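In what follows, a structure is listed as structure tokens, so that the remarks can point back to it.
Throughout, read-outs are computed from the coordinates displayed, never taken from laboratory work. Since we're looking at a predicted model, the values are computed, not measured. Every residue, glycine among them, receives a Cβ derived from its backbone with ideal geometry; neighbour counts consider all protein chains shown.
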Amino acid sequence: MTTLFSPLHAGALRLSNRIAMAPLTRNRSPEGVPGDLGVAYYRQRASAGLLISEGTAISHQGQGYADVPGLYGSEQLDGWKRVTDAVHSAGGSIVCQLWHVGRVSHSSLQPGYAAPVSASALQAHTRTYVIDRASGRGGFEPTSMPRALDAAELPEVVHTFAAAARHAVQTAGFDGVEIHAANGYLLEQFLKSGANQRRDDYGGSIPHRARLLLEVTRAVADAVGGARTGIRLSPVTPANDIDEPDPQPLYAYLARQLARLGLAYVHVIEGATGGPREVESRPFDYAAFKAAYRDAGGQGAWMVNNGYDQAMAEQAIASGHADVVAFGKAFIANPDLVQRLRSGAALNPWDKTTFYGGGARGYTDYPVLAPGQG
Ligand code: 8OZ
């Protein structure tokens, strides 16, 4: 019988179990460079079947939060290489989450204090995390008004995703990449009609709205191989003020198109990211979505996320609902989550106040089970 602890080949990725660490923003990489603490944090969690890095900006323009890591400077890539070396030495696998926030940014985080970019000049009613340099204090601030990207700029966006993917794998030593196409960031701003009012070939119909996402995914798969490429999707999340009134046909189309690209995995956030697993006004049939992918020949691993506890995760694997389950907050507080789930040991509770920013506290100091315990 397949369980959470059964190994899995997902494309070129080798998972020692079906428990993934979800991508988790931690805001501890000044100048976008992961440092010693980041190395320790990921190494501590290397027993996950797959570590997915925190969202990592593909460009300065793609930055939307203070002190998140990047992939566009050599020091950033060197910092990540130290992380991936540590994870590999500990027997783990790690992919890099490729992130462009689009309009979910603040001018103070943009090159030359410019306006952030999006599909349309529509401001998101959401907030982003900035750090006041004078006082060193962090806090959430409203996002800035974006400008609409010109169609002529989109090839550069696609190219930047592909270049970041190549750097992640070839220079920084990641086993693969995950395209962040969820949670109201740039690719969802094109995909979902609530943020896209374009009248060109990137707005309007489903194929037009899905076009940028698919161009990016093809380019990334060409750069590093589909077998080293995953994608994260969130069909109904309202995160960062995004909305799609009719997600089922949109995601059915995506499923059919993605099925052709030979991806390692598809990672689906079920419900509202970090919140309820059902969004009342936006019913969604996840089984139909997955069936559309499989029926179109998609062979990537199916990864699910959002509010799973052990019993739900075991059921998801046993029933075939999913091949892999990603855990977020539980991994923040339990570096040895795999061992704890295997042995039935109690889980450490998480401390929300140390999720974003700060130092070792709430990052690398959660206790692990003593040898022989659990
Ligand atoms: C929480 C805080 C900041 C960013 C996401 C990258 O929603 C994020 C994120 C989450 O995907």
Exercise for the section: Determine the sum of side-chain charges near GLY226: Lys and Arg each +1, Asp and Glu each -1, restricted to other residues whose C-beta is under 15 angstrom from that of GLY226. Expected result: 0
Problem - Segment THR126-PHE5, length gained on full extension (0.36 nm per residue, minus Cα span) - result: 39.7 nm
Handout entry: Pairwise centroid distance, computed over Cα atoms, of the stretch 12-31 with the stretch 45-68, Å
Key = 8
Practice task
Considering Cα pairs under 8 angstrom that are at least six residues apart, work out the relative contact order of the stretch 1-75 and quote it in whole percent.
Solution key: 33
Problem - Count of Lys pairs (Cα-Cα under 29 Å; at least 8 positions apart or interchain) in the chain - result: 6
Practice task
Report the antiparallel proportion of the DSSP beta bridges in the stretch 8-354 as a percent, rounded to a multiple of 5.
Solution key: 20
Practice task
Starting from the Cα of ALA151, step 7 Å toward the Cβ, then list every residue of the stretch 183-215 with an amide N under 15 Å from that point.
Solution key: 197-205, 207-212
Problem - Computed P(r) (all Cα pairs; the chain; 20 Å bins; percent) - result: 31, 62, 7, 0
Problem - Exposure proxy ranking, count of Cβ atoms within 10 Å, fewest first, for ARG137, ARG147, ARG103 - result: ARG137, ARG147, ARG103
Practice task
Report the extension gain between ASP243 and ILE206 in nm, rounded to one decimal, defined as 0.36 nm multiplied by the number of residues separating them, less their alpha carbon distance.
Solution key: 11.9 nm
Practice task
Find the relative contact order for the stretch 234-302 and round it to a whole percent, using C-alpha pairs within less than 8 Å whose residues are 6+ positions apart.
Solution key: 47
Problem - Normalised contact order of the stretch 276-374, rounded percent, pairs of Cα under 8 Å and 6 or more residues apart - result: 20
Fill in the blank from the handout: Rounded to whole angstrom, the alpha-carbon centroid of the stretch 120-181 lies from that of the stretch 184-262 at a distance of 16
Completion exercise
Using the Kirkwood formula on alpha carbons, the hydrodynamic radius of the stretch 176-291 in angstrom works out to 14.2
Practice task
Can you tell me the dipole magnitude for the stretch 244-364 around its Cα centre, using point charges on the Cβ only (Lys, Arg +1; Asp, Glu -1), in Debye to the nearest 20?
Solution key: 320
